[in-house]
Amino acid sequence: MHRILTYWTAALLFILAPVCLHAADFVSEQRFGDENEIILTYPAAIDKTVAQNPARYTVFEEADPDIRLEIQKIDVSDDGRKVSLLFKESLNTAKTHVVSVRGDDGREIEGIQVKKSYLGYLLSILISALLVNNFVFTKYLGLCVFFGTSKRKTTAKGMGVVFTIVMVVSALMSWFFYQFILIPYDLNFLQIVVFIGLVSLTVQAVDTILRKVNPILFNSFGVFLVLVIANCVIIAVPLIMASNNYNFAETFMLSLGAGGGFLLALYLMSSVRERLDLANIPPTFKGLPIAFIVAGQFAMAFLGFSGLQLF
Amino acid sequence: MANDKTSMQLISRGILSENPIFKLALSMCPAVGISTTVINGLMLGVAVLFVQVFSSVTISLFKNKIHPRIRIPTYTLTIATWVTVIDLALAAYLPDAYARMGIFVKLIVAFAIITMRLEMFACKESVNDSFWDGLGMGLGFMVGMVVIGFVRELLGSGAIFGYDVLGFKPLLFFILPSAGFFVVGLMMAFFNWIELAYKRTKGKI
Amino acid sequence: MKDILTIIFRLTVTCILAAMVMGSAFIITNKAKKHNEHVNEQKVRYALLGYSAAQPIPDSMALHEMYRYVVTDKESQAIGYLLPGKEGFIFLTLDMEGKVIDNKPVDIAESAVLEKDLRDKVVQEIAGAGRSVTFADQTIVVTNNGERVAYLLDGKFTGFKTFIGVMLAVDPKFSILGLEILEHEEDPGLGAEIERDYFRNQFKGKTFDQLKDLDVVKEPLPDEYFQALEGNIAAADAAEILAKYGDRDIYALTGATISSRYVNTGVKGIVKKFAYRLNILDTALADQKIKAAF
């Protein structure tokens with residue numbers, strides 16, 4: 001995690017660092033504005049009439065270099081540093097766009113890539129696994145353990161934390177196996193065996209290490225470890241990783257989101273069930289039936305997150 | 001430990017008194033997730049039946065050769081093998097149904113019900129009995145899935161097996177994903193109610 | 001210690017047995033899988049063109065596959081087309097302005113073209129070292145007695161949840177002949193309705209001009225239109241109703257306006273890009289006097 005953070009901070013600083021070379025030619029920052037707008041920022045003011053010449057810019061989606069996007073209007077901000085290109089049609093911001101700007105001397109500078117920030121994309125995977133596609137309430141996975149361990153808040157927290165740890169470790173291991181063994185040797189059909197094997201291995205390893213290193217923690221959390229294997233979320237995450245061909249950072253975010261989502265679901269559910277114990281429930285609904293109905297209501301609430309886009 | 005039950009008793013136990021979905025409340029995920037139509041429920045039920053029967057028989061066949069220390073890994077490997085086989089077969093021969101079931105076929109590997117039967121039954125009993133036990137549990141799961149699928153398809157899209165029977169859609173809500181929880185919860189309550197009513201009448205007599 | 005040895009031995013045997021079972025299952029099913037996928041693909045294509053098992057495709061009709069690649073070298077990018085000529089395949093490279101850079105015959109068998117890996121390798125060899133090629137999309141040109149009658153376009157775009165994969169059939173004037181949703185992960189009962197006839201068929205018959213500013217409206221779908229789109233009424237009556245609503249925008253799905261919008265924008269994008277590219281390609285083919293199979 002630290003490594004990724006440092007890497008990204010460095011990258012971000014690099015992009016944002018004010019560069020004073022070739023003031024007029026150099027674009028210091030580029031991003032999407034409104035749905036049909038790309039904003040270019042220059043480190044120093046540039047000439048307004050030059051900047052407003054549409055022939056100066058060529059813009060296309062990276063995957064379709066032969067189809068140029070038509071520029072309708074070019075606005076330059078008052079201080080002359082911000083140029084916004086307005087297009088006839090709205091842009092597909094999910095795709096990387098390439099903007100080439102011709103310099104004053106007619107020489108073309110290399111294409112500037114305009115895309116959503118990668119960190120934002122990673123966060124969107126996290127949010128998606130946590131809320132939008134919550135594994136319990138919208139993908140309906142891990143229900144046996146979910147209903148089994150959501151009776152008390154303390155159990156719910158313990159289970160959620162242990163589960164998240166095992167999930168992250170096993171998903172990252174699965175990623176290595178998938179990328180460096182299953183794909184190169186065309187052994188994709190062994191996915192199930194390899195992934196479930198890695199999960200069991202992780203659980204066993206965490207069990208042994210925890211028992212030796214921190215027996216007190218083991219006493220409180222050890223019981224949940226066995227349950228982790230019987231949870232289908234833990235095998236679903238590597239399978240989703242494989243079908244979407246995620247890279248290392250994306251896999252990390254996905255597993256963290258899945259684990260966090262499970263923790264969240266368990267916590268919400270256990271809070272309700274602790275109260276249900278005090279309520280006067282018809283005898284036919286006591287126990288699991290009412291828990292299912294509550295879960296259904298949560299699922300409907302989580303449906304509201306559907307289509308949420310933060311980044 | 002000798003088993004004193006006949007094959008019929010073993011099957012009926014799986015379907016009724018120890019139904020994996022309604023009684024044991026195990027392997028609920030597909031019951032909620034993809035039981036929107038009868039066909040979906042039936043297909044996954046068949047897949048689970050296949051894995052359960054074959055794993056039970058395999059473990060029962062080799063029960064004397066399995067070292068007790070590596071019992072669980074052997075079970076996992078056995079189940080994973082048969083899941084891979086059914087996964088490949090479905091993908092090849094029934095691509096449409098496979099696409100609808102999505103990730104759930106692969107997830108059979110993590111179904112608690114299968115491991116539980118191996119641990120509690122197949123590793124002790126004869127091959128024959130294990131076969132019937134596996135069949136009973138698999139059928140129990142299939143029946144559960146089909147019943148839920150039936151209710152949801154009938155109420156949600158007014159159809160059975162894709163054929164329009166009602167001519168209108170009573171409650172679209174029932175095929176929405178989250179309705180799976182409600183249907184399973186209500187059906188559990190319904191079975192509880194029957195059981196309670198039965199006990200009450202019995203108590204009076 | 002003795003225990004460990006027996007454990008290792010037994011685990012190995014178990015693994016070998018398991019591997020044998022899985023390996024044989026893979027070998028048996030793989031062929032059938034490929035065959036079924038191929039059959040399925042053909043079925044979708046014929047259905048889009050209005051043919052089915054009951055009404056087989058006539059012998060005079062032929063399907064020609066054309067593949068588009070993006071060729072990148074150090075300084076510039078170009079578009080490469082792998083297309084069937086009168087004799088064998090041709091790899092035609094065009095620059096961004098549509099000028100021909102290269103025109104080479106390709107030595108590749110008809111069956112090898114269908115395999116993506118083989119095809120990519122051959123194209124990479126033709127393009128030469130120092131240039132990298134990436135596969136972009138494929139188009140199928142349908143001819144009847146040598147005349148072009150339709151194009152089948154593959155496409156993939158963002159949906160409400162994940163991606164929506166479609167196949168489109170358009171006629172030589174780029175009016176839509178049919179739309180098929182191949183893959184999607186929209187919510188069942190809501191966005192998943194995009195694969196239903198009453199939504200897909202609304203696109204049928206929209207001309208290129210209509211398509212350019214086709215929009216999605218949030219209005220309830222009239223019942224007679226619904227019945228006609230679903231094919232529940234006699235063909236003659238249905239045609240009349242369909243003609244009546246022919247110039248309307250797309251009616252959004254109830255509770256899934258966003259999914260409907262994504263499909264609409266996606267379809268528009270695919271057709272517009274294709275029309276633009278085909279124009280350039282045809283000019284280049286005529287310029288170079290290349291005899292394509294279509």
- Task: Could you list, in sequence order, all residues of the stretch C:38-79 that are acidic (Asp, Glu) and more than 25 Å from A:Ala63 (Cβ to Cβ)?
- Result: C:Asp59
- Could you identify the single residue in B:Phe54, B:Phe22 that is modelled with pLDDT of 80 or more and aromatic (Phe, Trp, Tyr)? B:Phe54
- Specify the residue that is nearest to the chain's Cα centre (by Cα); the eligible residues are those in the stretch B:151-205 that are small (Gly, Ala, Ser) and under 23 Å from A:Ser306 (Cα atoms). B:Gly180
- Task: Would you be able to tell me the number of residues in the stretch C:110-135 that are surrounded by fewer than 17 Cβ atoms within 10 Å (Cβ to Cβ) and within 20 Å of C:Leu63 (Cβ to Cβ)?
- Result: 8
- Message: Of the residues B:Ile114, B:Ile86, only one is modelled with pLDDT of 90 or more and β-branched (Val, Ile, Thr); which?
- Response: B:Ile86
- Query: Any idea how many residues of the stretch C:265-282 are farther than 15 Å from C:Ile181 by Cα, among the charged types (D, E, K, R) and touching a residue at least 40 places away in the same chain (Cβ under 8 Å)?
  - Reply: 2
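Let's see how each residue does on (1) under 28 Å from B:Ser56 (Cα atoms); (2) in a helix (DSSP H, G or I); (3) in contact with a His (Cβ under 8 Å, 6 or more places away or on another chain):
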site	(1), (2), (3)
B:Glu119	yes, yes, no
B:Asp133	yes, yes, no
B:Val147	yes, yes, no
B:Lys169	no, no, no
B:Glu195	no, yes, no
- Can you tell me which residue in the stretch B:159-196 is nearest to C:Glu186 (Cα to Cα), limited to those that are crowded, with 20+ Cβ neighbours inside 10 Å and more than 9 Å from chain A (Cβ to nearest Cβ)? B:Ile175
- Task: Among the residues of the stretch C:47-87, write down those that are in a loop (DSSP other than H, G, I, E, B) and closer than 20 Å to C:Arg148 by Cβ.
- Result: C:Leu49, C:Gly50, C:Tyr51, C:Ile57, C:Pro58, C:Asp59, C:Ser60, C:Lys86, C:Glu87
- Message: Going by what's in this entry, would C:Val39 be described as of a type in the set (A, V, I, L, M), surrounded by 14 or more Cβ atoms within 10 Å (Cβ to Cβ) and outside the structural domain of C:Ser111 (by TED's automatic domain parsing)?
- Response: no
- Restricting attention to the stretch B:82-118, and to residues there that are of a type in the set (A, V, I, L, M) and closer than 15 Å to C:Glu37 by Cβ, which single residue is surrounded by the fewest Cβ atoms within 10 Å (Cβ to Cβ)? B:Ala99
- Out of all the residues in the stretch C:146-159, is one or more over 30 Å from A:Leu131 (Cα atoms), touching a Lys or Arg at 6+ places or on another chain (Cβ under 8 Å) and part of a helix (DSSP H, G or I)? no
- Message: Can you tell me which residue is nearest to the other protein chains (Cβ to nearest Cβ) among those in the stretch B:66-98 that are touching a residue at least 40 places away in the same chain (Cβ under 8 Å) and of a type in the set (Ser, Thr, Tyr)?
- Response: B:Thr78
- Task: Among the numbered conditions (1) outside any helix (DSSP H, G or I); (2) at pLDDT 85 or above; (3) buried (at least 19 other Cβ atoms within 10 Å of the Cβ), tell me where C:Gly165 comes up short.
- Result: (3)
- Query: For A:Ile71, all conditions in the list (1) free of Cβ contacts under 8 Å to residues at least 60 places away in the same chain; (2) hydrophobic (A, V, I, L, M, F, W, C); (3) closer than 30 Å to B:Val183 by Cα hold save one; what is the number of the exception?
  - Reply: (3)
- Please specify each residue of the stretch B:99-118 satisfying the condition of being facing chain C (nearest Cβ under 10 Å) and under 19 Å from the mean Cα position of the chain (by Cα). B:Arg100, B:Gly102
- Message: C:Asp282 - would you say it is more than 14 Å from chain A (Cβ to nearest Cβ), among the charged types (D, E, K, R), closer than 16 Å to C:Pro172 by Cα and not in a strand (DSSP E or B)?
- Response: yes
- Note on the structure: Scanning the stretch A:265-311 for residues that are among the charged types (D, E, K, R) and over 15 Å from A:Leu143 (Cβ atoms), the one nearest to the other protein chains (Cβ to nearest Cβ) turns out to be A:Lys286
- When residues of the stretch B:60-86 are limited to those that are among the charged types (D, E, K, R) and part of a helix (DSSP H, G or I), the one farthest from the chain's Cα centre (by Cα): B:Arg69
- Message: I'd like to verify a number: residues in the stretch A:62-80 that are charged (D, E, K, R), buried (at least 17 other Cβ atoms within 10 Å of the Cβ) and in contact with a strand residue (DSSP E or B) (Cβ under 6 Å, 6 or more places away or on another chain), how many?
- Response: 1
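The values are calculated or read from the model by the stated rules, or taken from the named source; none is laboratory data. For clarity, every value in this text was computed on a predicted model and none was experimentally measured. Every residue, glycine among them, receives a Cβ derived from its backbone with ideal geometry; neighbour counts consider all protein chains shown.
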